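What follows is calculated from the coordinates using simple rules that are stated; it is not laboratory data. Note that the structure is a prediction, hence the values are computed from the model and not measured. Don't worry about glycine lacking a Cβ; one is built from the backbone with ideal geometry, like all the others, and counts go over all protein chains shown.
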Amino acid sequence: MTFLFDKNNHFNLANIVTFFNIAAGIMAIYFITHGEFFGAALFAWLAGAFDILDGKIARKYNLSTEFGVQLDSFGDFLSFVIVPVMFIYFGVIDGKELDTLNTTFVAFTFIYYVISGLRRLIQFNINTDAGEVSKYFTGVPTPLGAILLWCVYLSWVYELIPNENFVLGLVIIIGYLLNSKIKIRHP
């Protein structure tokens, strides 16, 4: 079991927890595509818990590596970019883009958010050394972006948002914030 604490093993404890994040993200996608939004939400939040835990384990046991940084960003891309944008699409938009919404605007919105999230994660990796934690994030981190999209979804469910175009506008704004110059304190 020493491999769990071997920094150079791709299956060390921190990376295994990141793999659980990825697995939870995949399960969330499964539930989203089957219209089971409660199950999807549970797995999405579970992915978030694994994302917090993997970093704490990596720092506590000195398991941070370049592989782990890249793996964590892949998990973040899946769980905090793809899953929440799919949640919005399947929970709010699905089917309406051909009837009442502009299909091009719908496509632009979701492609923009995905590219914004991916760009943010790549830039973060370029600017970060393994094991280093800065005091501030520049731009909204993807987990916070996911939480903001979750709030948009809940606002839609509870009819606090007037229409689907307003939802799409909020997705664009949150996508913009991912790569903004806003400073957010690291927890």
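Leu101 sits among other residues whose Cβ lies under 15 Å from its own Cβ, and their net charge, with Lys and Arg +1 and Asp and Glu -1, is -3. Subtracting the Cα-Cα distance of Ile182 and Leu42 from their residue separation scaled by 0.36 nm leaves 47.4 nm.
If only the Cβ of Lys and Arg carry +1 and only the Cβ of Asp and Glu carry -1, the dipole of the chain around its Cα centre is close to 680 debye.
Exposure proxy shown here: for Ser155, Ser116, the number of other Cβ atoms within 10 Å sets the order, fewest to most, as Ser155, Ser116. Helical runs (DSSP H, four residues minimum) scored at -39500 (n - 2.57) apiece and divided by the length of the chain put the mean residue ellipticity at 222 nm at -21500 deg cm²/dmol. So if I take the centroid of the Cα atoms in the stretch 46-82 and the same for the stretch 133-187, what is the distance between those two points in Å? Centre-to-centre (Cα) distance: 20 Å. Scanning the chain for trypsin sites (Lys or Arg not before Pro) lying in DSSP loops with no more than 14 further Cβ atoms inside 10 Å, the longest uninterrupted stretch between such sites is 1-95. Backbone geometry of the stretch 80-92 corresponds, through the Karplus equation with coefficients 6.51, -1.76 and 1.60 at θ = phi - 60°, to 3J(HN,Hα) couplings of 10, 10, 5, 4, x, 5, 5, 4, 5, 4, 6, x, 10 Hz, x marking Gly and Pro. Annotation for the stretch 120-164: GluC sites (Glu not before Pro) lying in DSSP loop with at most 12 further Cβ atoms inside 10 Å of their Cβ are Glu132, Glu159.
Excluding same-chain neighbours fewer than eight residues apart, the lysines reachable from Lys60 by a Cα-Cα span under 23 Å are Lys7, Lys135. The label-point distance for Phe166 and Thr2, in a model that sets each label 7 Å from Cα toward Cβ, rounds to 6.1 nm.
Please give the helix 13-33 orientation as an angle from the longest Cα principal axis of the chain, in degrees from 0 to 90, rounded to the nearest 10. Approximately 20 degrees, to the nearest 10.
Calculated from the structure at hand, Rg/Rh (Cα atoms, Kirkwood Rh) is found among [x] 1.01; [y] 0.94; [z] 0.98 as [x].
A Förster radius of 30 Å combined with the Cβ-Cβ distance from His34 to Leu98 puts the calculated FRET efficiency at roughly 0.90. Under 20 Å from a label point 7 Å along Cα→Cβ of Leu144: give me every residue in the stretch 74-88 with its amide N that close. Those under the cut-off are 74-85.
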